[in-house]
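First comes the structure, then the notes that go with it.
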Amino acid sequence: MMKKISLTALSTFCLIALVSFIRPTETKAPLQRGLKTIIVDAGHGGYKKGTSGKYSDEKDVCLDIALKLGKKLEEAFPDVKILYTRTKDVHVDNRWRADFANKSGGDLFISIHANAMPPIKHTKYLGTRKETYYVKKGGKRIKKTRTVPRYSVYYTPNTTRYGTETFIWAADRTDEKEEFVVEQVGDSTEFVPDINDPEFKAKALLWTKKHFDKSLLLATLVEEEFASAGRLSTGVKQRTWEGIWVLQATGMPSILVETGFLTNPEEEDYLNSEKGQEEVSGNIFSAVKRYKETIEQKLNTGTSARIKPAATSRPTTVAVARKK
Ligand SMILES: [Zn+2]
């Protein structure tokens, strides 16, 4: 009995401790809010052209699609703040993008990009040539000649690959994401977390995990929308190299959408056309709409169940093939 009382007392104490621990972050903690602020990020810009097709640069295609996406979001969700990392052809540092998203209290970060395949290298045998070289023999330099093959190297565009893919941060880098999730919580409240507190660490890990689930949900929905529009979706992937910063350093769910290959002539035309840009931004918009409904439903019903994409859930881990 005595033991039971002290246990109850102890758990009550723990509960109070936990509640008082949570309270300061309650209103603004990433888990507790719906979708209030969306950051729309057009990749590259200014002198950073990104990839290129025959006649267009990634930075311009990204900007057009990002602005169209933003407009659709503004019209559909007047209560949601839509912020842009750039609205013009200017260079924006990747660190600034993440910083801006964090300081603006973003709940979602959507980065728009376009893909490219590196050109194919060809080596053509042109015959032989004579080459002079020297050897040392008994303190003397002796001139010699030998016959070596001659090649010419040239490149042709790799036009075959096409399709879409959406990246989320690599789960094995959760530690790095967690750092920014913690900062984001710290920035958004007067509550100063002690990052060495094991309880806080556990919470930070949980938030990071939730962000991962949400990122995966949105990424999956985006690829589903692309597929249903007749595009070739190559799925959700984890990014471990280029573009990692905006995914890793944003303390919120974040995705990076590769909208197609500029090196593929049909996709370059599509991504530069009014129809194509309307469709691509429309697909991403529909995915955000479904995402918003899903997470708000979870908030309203208080379900803490893991968020799963509505349709077929894709594998979370896909090895990322190096693009360039
Ligand atoms: Zn890019």
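Derivation of every value follows stated rules applied to the coordinates shown; laboratory data play no part. Model, not experiment: these values are computed from the prediction. For neighbour counting, all protein chains shown are included, and Cβ atoms are generated from backbone atoms with ideal geometry for every residue, glycine included.
The figures follow:
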item	result
Spread of Cα-to-Cα distances over 5 Å intervals beginning at zero, given as percent, for the stretch 77-139	3, 9, 13, 13, 8, 7, 5, 5, 5, 6, 6, 6, 6, 4, 3, 1, 1, 0
For the stretch 44-84, Kirkwood radius (reciprocal of mean inverse C-alpha pair distance, Å)	11.4
Exceeding the 23 Å Cα-Cα cut-off - candidates 48/214; 121/275; 203/298; 49/214; 48/124	48/214; 121/275; 49/214; 48/124
Between the stretch 40-65 and the stretch 128-153, the Cα center-to-center distance that results, in Å	48
5 angstrom amide H check on residue 90, placed H, neighbours 5+ away	46
Protection-proxy order for peptides 88-94, 139-145, each taking the mean of Cβ atoms within 10 Å per residue, highest first	88-94, 139-145
Highest to lowest packing among 72-79, 58-65, 131-138, scored as the average C-beta count within 10 Å	58-65, 72-79, 131-138
Point-to-point label distance, residue 273-residue 153, nm (Cα→Cβ direction, 7 Å offset)	3.8
Nonlocal amide H pairs with residue 254, under 5 Å, H built at 1.01 Å	109, 215
